[in-house]
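Written out below as structure tokens is the structure these notes cover.
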Amino acid sequence: MYRPTKLDSLPADATLDEVRLFLPPFIADEAVFDGWTQAARDAAASASAVDPALAGLAFDQGAMDMIEAWISHVDAQMIEAFPPERIAAMKIRERIHSLVAFRFEAVAHQREALRRATSIMALPTNIARTARLSWRTADLIWRLAGDTATDYNHYSKRTILSGVYGSTLMAFLDDESADFADTHAFLARRIDNVMQFEKTKAKWLNRGESLSLTRFLGRLRYPAR
């Protein structure tokens, strides 16, 4: 998996959009120690030969701007890592597991930055933006997995996957097992829950019955041990 290094460089006349694309992984490196702060942003810029003043303009809305740009960077890595021919060779369960797991593997070396980011994203002032980012991540994963649903299933799949992703993220942050084996096992169990739910939903809908999505999401968030 390709990751930009500080040996890469931006042109002297780089635009703000180019800075927003280039700098986030380096800010995340600094955020491991300094949090998602102006100090981390400026240190990343200086170490990457980017004018700190330009970086300040690119991320002038603070921590959430930097975090969202980092998430977009991981999105781009995921898209590159899973071209259609790779996805086509997988079954749906494997597609979802591989795509979700990739996102954690891509930032494993910056796990403390992720921990700090989740704390910021959980602040009441950031909840709405965090919800949009969570939906965006789930939507991208499903689209890469080949989902084309446009009915109720479009929304239920993304809502459920957001719950799976969020609970697995918490497991990942506390995982000290080799190669994050515990996270992979946790994710596999949550995906099993989803597959069971989809089977039950199809059976109930065929009988004309309704299903409580809220109750099922609660079980994903607080799974039985």
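The values are calculated or read from the model by the stated rules, or taken from the named source; none is laboratory data. Bear in mind the structure is a predicted one, so any value in this text is a computation, not a measurement. Note: ideal-geometry Cβ built from the backbone for every residue, glycine included; neighbour counts use all protein chains shown.
Here are some notes:
- Any hit, the range 2-13, residues being touching a helix residue (DSSP H, G or I) at 6+ places or on another chain (Cβ under 6 Å) and of a type in the set (F, W, Y): no
- A search for C-beta distances below 9 Å between a residue of the range 28-39 that is closer than 17 Å to I71 by Cβ and not assigned by TED's automatic domain parsing to the domain that holds G56 and any residue that is of a type outside the set (V, I, T) and crowded, with 23+ Cβ neighbours inside 10 Å, counting only pairs 6+ apart in sequence or on different chains, returns nothing.
- Whichever residue in the range 143-170 is in contact (Cβ under 8 Å) with a residue 40 or more places away in the chain and not aliphatic (A, V, I, L, M) and, among such residues, is surrounded by the most Cβ atoms within 10 Å (Cβ to Cβ): T168
- The combined condition, being in contact (Cβ under 8 Å) with a residue 40 or more places away in the chain and within 21 Å of T15 (Cβ to Cβ), is fulfilled by S48.
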